[in-house]
Amino acid sequence: MSDTNFTGMDPKSAREYLYNYLVSLKREERAMEELSRELEKWKSRVELAVSKGDEELAGKARERVVEIEERLSRMKADTEEMRLKASVMKDNLRMLYHNTEPSVDAEKLLAEMELIVGKKDSLSDEIKKMEADDILKKLKEKYGEGNKKEQ
């Protein structure tokens, strides 16, 4: 199994695996931030050594800057790869949940809802329809008579 494939895993285990992976990603991002701060510190040390005229010390500090930049570059690439994998895992987890969702029995659900809210009141609907028909009839008569008077 690749680290992004949840085949054979139940949703709970897959979610837990993804959670642990995201925790690792977050740790890697924090380490990268710390290394970036370290890089800035060494760059300022290079400037300080140059300003004091100590080229030997400045050279050693530059070597450290290059070393940190290389490590930081590798960490950025690794972190980006981890982000991409995390995105794929999230999609795979959604599909896993989608494929394992229980089907819904519509009739049973309707019966349960009727128990909770009661059956639909068909009498009110019929009365409302009759009222609407009556209003429509009156409007037709009113505008029908108005049209006849104008002609």
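Read-outs: derived from the displayed coordinates by stated rules, not from any lab. It should be emphasised that the depicted structure is a prediction, and the values quoted were computed from it without experimental measurement. Note that each Cβ is placed from the backbone with ideal geometry, even for glycine, and that neighbours are counted across all protein chains shown.
What number, rounded to the nearest 500 deg cm²/dmol, is the helix-based mean residue ellipticity at 222 nm of the chain, given -39500 (n - 2.57) per DSSP H run of at least four residues and division by all its residues? Before the final figure, lay out the partial values.
On the way: 4 runs with 128 residues, N = 151.
Using -39500 (n - 2.57) per qualifying helix, the result is -31000 deg cm²/dmol.
If you take every residue apart from Glu81 with its C-beta less than 14 Å away from the C-beta of Glu81, what net charge results, scoring Lys and Arg +1 and Asp and Glu -1?
Values: positive: Arg74, Lys76, Arg83, Lys85; negative: Asp3, Glu28, Glu29, Asp78, Glu80.
Once all neighbours under 14 Å are counted, the net charge is -1.
Among the lysines in region 11-101, how many pairs, 8 or more places apart or on different chains, have alpha carbons under 24 Å apart?
The number of close lysine pairs in region 11-101 is 16.
State the label only: which of [x] 2, 7, 9, 8, 7, 6, 6, 6, 6, 5, 5, 5, 5, 4, 4, 4, 4, 3, 2, 2, 1, 0; [y] 2, 7, 9, 10, 9, 8, 9, 10, 9, 8, 6, 5, 4, 3, 1, 1, 0, 0; [z] 2, 10, 21, 24, 22, 14, 6, 1, 0 corresponds to P(r) over Cα pairs in 5 Å bins from 0, in percent computed from the shown model?
Identified label for the calculated read-out: [x].
With the crude spin-label approximation of a point 7 Å out along Cα→Cβ, what separation in nm comes out for Asp3 versus Lys60?
3.7
From the square roots a ≥ b ≥ c of the eigenvalues of the alpha-carbon gyration tensor of region 1-79, which class results: rounded (a/c under 1.5), prolate (a/b over b/c), or oblate?
Values: a/c = 8.11, a/b = 3.96, b/c = 2.05.
It is prolate, given that a/c is not under 1.5 and a/b is the larger ratio.
Residues in region 1-38, backbone N under 13 Å from the label point at Glu81 (7 Å along the Cα-to-beta-carbon vector): list them, ranges by number please.
It comes to 3, nothing else.
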